[in-house]
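This report refers to the structure that appears directly beneath it.
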Amino acid sequence: MHPNPIYRRETAEANLAFARERGFGTLMVNAQEGPLASHIPFVMGEGFVELHLVRSNPIVRALEGPQPALLAVQGADGYVSPDWYGMEDQVPTWNYVAVHLRGRLSVRPQEELRGQLDRLSAAFEGRIEGKAPWLVEKVTEEALTRLMRMIVPCRFDISSVDGTWKLGQNKPAAARLGAADGMEGAGIGAEVAALASLMRAVDG
């Protein structure tokens with residue numbers, strides 16, 4: 001997380017809401033051979049995250065018991081050209097939104113997997129407008145049994161939440177808005193239009 005407190009003013013509730021809405025992140029644990037990372041969809045409950053991993057994933061092999069872990073959830077990001085500020089003596093930077101969840105990761109009993117899959121698919125299918133939600137019941141029992149043997153249900157219990165919303169809060173409003181215009185018009189990054197909107201919405 002960026003150390004400047006001006007970028008870290010969002011509440012824990014706002015950061016958790018952001019992570020819940022994204023529903024996708026990078027799960028990281030330490031292992032004997034070094035850090036391990038896996039990119040995963042997830043669904044959040046109160047104080048915990050439900051996820052599953054492929055049984056052959058090295059993280060699963062490292063989980064002999066509950067392990068400390070980090071779940072990093074990345075939002076919009078983009079390069080900021082100093083020319084967009086309309087100010088002298090500026091340098092390039094990168095604006096972004098990211099939330100880090102720390103906690104303990106554990107493998108759950110296999111009988112919990114079906115309910116977890118139902119909740120995960122429902123969380124995302126419910127966001128698609130104009131179509132009936134896909135249901136696990138559409139998969140034949142034989143195929144579902146085969147697929148479920150390949151994955152392991154896991155739970156991540158959250159112990160701390162940190163968020164960085166680096167949106168140009170350290171610049172005068174006119175400079176920040178100029179950078180937002182440049183970002184939207186010619187930005188380099190991911191979801192630059194959404195990032196520009198966040199930059200315009202900064203208080204002050």
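Whole Å is fine, so just give me how far the alpha carbon centre of region 160-204 lies from that of region 1-73.
After rounding, the separation between the Cα centres reads 25 Å.
Could you give the length gained by full extension between R149 and F48, i.e. 0.36 nm per residue of separation minus their alpha carbon distance, to one decimal place?
So the chain would gain 34.0 nm between R149 and F48.
Could you give the angle, 0 to 90 degrees to the nearest 10, between helix 12-22's Cα long axis and the longest principal axis of the Cα atoms of the chain?
Once rounded, one gets 70 degrees.
Rounded to the nearest 0.05, what FRET efficiency do R55 and H2 give with R0 = 41 Å and r taken as the Cβ-Cβ distance? Could you check?
About 0.65, to the nearest 0.05.
Ordering E64, E125, E10 by accessible area with a probe of 1.4 Å, largest first, what comes out? Can you show the working numbers first?
Details: E64 175, E125 35, E10 85 Å².
Result, largest first: E64, E10, E125.
Can you tell me the alpha carbon radius of gyration of the chain divided by the globular rule-of-thumb value 2.2 N^0.38 Å?
1.21
Please give, to one decimal in nm, the separation of the simple spin-label points placed at S38 and A194, each 7 Å out from Cα toward the Cβ.
Going from the S38 label point to the A194 one covers 2.4 nm.
For the chain, give the percent of accessible area contributed by carbon and sulfur heavy atoms, probe 1.4 Å, rounded to a whole number. Intermediate results must be reported in sequence, preceding the final value.
Working: 6160 of 11230 Å².
Answer for the chain: carbon and sulfur cover 55 percent of the accessible area.
Suppose each label sits 7 Å from its Cα in the direction of the beta carbon; what would the A12-D83 distance come out to in nanometres?
It works out to 4.5 nm between the two label points.
Relative to the longest principal Cα axis of the chain, at what angle does helix 173-186 sit, 0 to 90 degrees, rounded to 10?
The angle comes out near 60 degrees.
When the solvent-accessible surface of protein heavy atoms is calculated with a 1.4 angstrom probe, in what order do R61, R146, R114 fall, highest first?
I get R61, R146, R114, largest accessible area first.
Can you give the accessible area of F124, probe radius 1.4 Å, in Å² rounded to 10?
In the full protein context, F124 sits at about 70 Å².
Using Cα-only point scatterers and the Debye equation, what is log10 of I(q)/I(0) for region 7-97 at each q in 0.18, 0.20, 0.24 Å⁻¹, rounded to two decimals?
Calculated log10 I(q)/I(0) at the listed q: -0.91, -1.01, -1.23.
Counting Lys +1, Arg +1, Asp -1, Glu -1, what net charge surrounds Q32 among other residues with beta carbon under 13 Å of its beta carbon?
Taking every Cβ under 13 Å from that of Q32, the sum is -1.
The values are calculated or read from the model by the stated rules, or taken from the named source; none is laboratory data. Values in this document were obtained by computation on a predicted structure and should not be read as measured data. No Cβ is skipped: glycine too gets one built from the backbone with ideal geometry, and neighbour counts run over all protein chains shown. Note: areas computed on protein heavy atoms with side chains; ligands, DNA, RNA excluded. Shrake-Rupley method; radii C 1.70, N 1.55, O 1.52, S 1.80 Å.
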